[in-house]
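The values are calculated or read from the model by the stated rules, or taken from the named source; none is laboratory data. Only a predicted model underlies this, so the values are computations on that prediction, with no experimental measurement involved. Here the Cβ positions follow ideal geometry from the backbone for every residue, glycine too, while neighbour counts run over all protein chains shown.
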Amino acid sequence: MKNVSPFLLFPFTLILLLFTSCASKGPKTYDPRQVAFQAEYNPLYDGQLYPSLILGLNQSVNSELRTPNSELFNIELTSPTDNAVLRVVIDSSALNYVTIIQEILPRRGETYRFQPSVKWKYDILRALRTPGAVDLTFTCYINDEEVDIKNLHLAYRSVSECPLSLVSQGRTCDFRWLFAAYVNEDHPQIEQILTDIMQQGTVTRLTGYQTGGAQAVRNQVFAVWYYALDHGITYSSITCTSNPSPRANVQHIRFLDEVLASRQANCVDACVFFASILRKLGLKPVIFVEPCHAYLGYYTDRNRKQLALLETTITSWVNFPDLERSLDADGRLPDAQWQKVKKYLGEKEIEQYEQGSLSFEQIKLAVARSLFDKASEYDRETYEANREHFADTASITYQQLDIEILRRQVQPIK
């Protein structure tokens, strides 16, 4: 018997495979035009995917926040038959796991809409520090038959990028409540911060509201204040991002560890930094948002009756590490540095230092207390003038972000 070359059999084999493949699938039962399957990314976000939003709301069940239409994806289709079994599969990508949505569509000809919850890769989202792009594929099945496929191309943002407001159809949607996601009382570095605070000797114990009343609370906040001064945390106005959306007002926010590493913070960064530590102490911080500025508040009593304020950017008025590096061999400040510092001291303290009876450490403590007093009063006038606006829950320009209340909906970005 003659051997037949496998190359001669190849065209026949290919035709057989194609025929078998086509025969196995058979004719389509459902017309994609009739089903009219649509998968859409919420137009509010203008094609931009915000990890901060996903992570902040990942445990929110019944949102009470003012942002309407907060679901990211919308699915719409018309049922081709009574009691059709719908299955939508969202393929895995760099940012999500395979996600399957299954529903019964009771009535033929009825249009149904769903907002699927995607199974995100949260660890990946937390690690995103630069923008990029991702493609998501939605496949629609009716009664186990593949009907249609839709692809969405999205631009994802850095997790540090926080949307402040987004404009859609002439309406501004506010997102400043998302500042609460950057307040992280569970940050692992806070334990070391509290240890350092106890070692600096500015307070004998950290007990929140448990003992000592309002003055004990202020003492604890001052201890955190002194820590920030002693670590040279200074003001930096960096807020811009590369977000291309003309409808988005966004801001870059530093996390607590980034503030510590860079020794820099803008008004929001500093509020988030202080609020994270105060929350760990069991205190109740509030972030007040005004046009182009934010400052911190905190309740001095457990029942939230008495509110104190703190202008956190004042930590940049004096840089303790720079002062320490400038000391001469006798531990004294050069005249130029001394002139910068003495304006924050009383006459008695100035006299004691010039007579050599006040150490540099004592100077630091006195300056820190003076700046703390200034920071506590700095925003009082503007706060009193705008209390009515802060109390207006419909206001976007002036907002009072109570972190304890927002925790019911917004979780920290770990």
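Okay, here's what the table says:
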{"read-out": "Residue among GLU324, GLU381 that is surrounded by fewer than 18 Cβ atoms within 10 Å (Cβ to Cβ), outside any loop (DSSP other than H, G, I, E, B) and either without any contact (Cβ under 8 Å) to a residue 12 or more places away in the chain or not assigned by TED's automatic domain parsing to the domain that holds PHE222 (or both)", "value": "GLU381"}
{"read-out": "Within segment 29-73, considering residues that are among the β-branched types (Val, Ile, Thr) and assigned to a loop (DSSP other than H, G, I, E, B), the one modelled with the lowest pLDDT", "value": "THR67"}
{"read-out": "Residue within segment 348-362 that is over 33 Å from the mean Cα position of the chain (by Cα), of a type in the set (Asp, Glu), assigned by TED's automatic domain parsing to the domain that holds GLY282 and crowded, with 16+ Cβ neighbours inside 10 Å present", "value": "yes"}
{"read-out": "Of all residues in segment 264-287 being within 16 Å of the chain's Cα centre (by Cα) and of a type in the set (S, T, N, Q), the one that is modelled with the highest pLDDT", "value": "SER276"}
{"read-out": "Which numbered condition SER357 misses (of (1) assigned to a loop (DSSP other than H, G, I, E, B); (2) modelled with pLDDT of 95 or more)", "value": "(2)"}
{"read-out": "Filter result (among the β-branched types (Val, Ile, Thr) and at pLDDT below 95) within segment 383-404", "value": "THR393, ILE396, THR397"}
{"read-out": "Pair list, Cβ < 9 Å and 6+ apart or interchain, from segment 161-174 residues that are under 16 Å from THR397 (Cα atoms) to residues that are basic (Lys, Arg)", "value": "PRO163/ARG157; PRO163/ARG176; LEU164/ARG176; SER165/ARG176; LEU166/ARG247; VAL167/ARG247; CYS173/ARG66; ASP174/ARG66"}
{"read-out": "Checklist (1) of a type in the set (D, E, K, R); (2) assigned by TED's automatic domain parsing to the domain that holds LEU278; (3) more than 23 Å from ASN249 (Cα to Cα) applied to LYS414, failing item", "value": "(2)"}
{"read-out": "Residue match in segment 332-344 (condition: surrounded by fewer than 18 Cβ atoms within 10 Å (Cβ to Cβ), small (Gly, Ala, Ser) and more than 34 Å from the chain's Cα centre (by Cα))", "value": "yes"}
{"read-out": "Hits in segment 71-86 (condition: under 33 Å from the mean Cα position of the chain (by Cα) and either of a type in the set (Gly, Ala, Ser) or crowded, with 17+ Cβ neighbours inside 10 Å (or both))", "value": "LEU72, PHE73, ILE75"}
{"read-out": "Filtered residues of segment 294-306 (kept if more than 16 Å from PHE273 (Cβ to Cβ) and part of a strand (DSSP E or B))", "value": "TYR299"}
{"read-out": "Some residue of segment 129-140 being among the aliphatic types (A, V, I, L, M), in the same structural domain as VAL85 (by TED's automatic domain parsing) and touching a Pro at 6+ places or on another chain (Cβ under 8 Å)", "value": "no"}
{"read-out": "Residue among ILE413, ILE405, ILE396, ILE314 that alone is outside any loop (DSSP other than H, G, I, E, B) and either touching a residue at least 12 places away in the same chain (Cβ under 8 Å) or touching a helix residue (DSSP H, G or I) at 6+ places or on another chain (Cβ under 8 Å) (or both)", "value": "ILE314"}
{"read-out": "Members of segment 194-247 that are at pLDDT 90 or above, among the polar types (S, T, N, Q) and within 22 Å of ASN266 (Cα to Cα)", "value": "THR234"}
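So that you can scan it fast, the table gives a plain yes or no per residue for (1) in contact with a helix residue (DSSP H, G or I) (Cβ under 6 Å, 6 or more places away or on another chain); (2) in a strand (DSSP E or B); (3) in contact (Cβ under 8 Å) with a residue 12 or more places away in the chain; (4) at positive phi:
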{"position": "ARG113", "(1), (2), (3), (4)": "no, yes, yes, no"}
{"position": "ARG126", "(1), (2), (3), (4)": "no, no, yes, no"}
{"position": "ILE149", "(1), (2), (3), (4)": "no, yes, yes, no"}
{"position": "LEU178", "(1), (2), (3), (4)": "yes, no, yes, no"}
{"position": "GLU191", "(1), (2), (3), (4)": "no, no, no, no"}
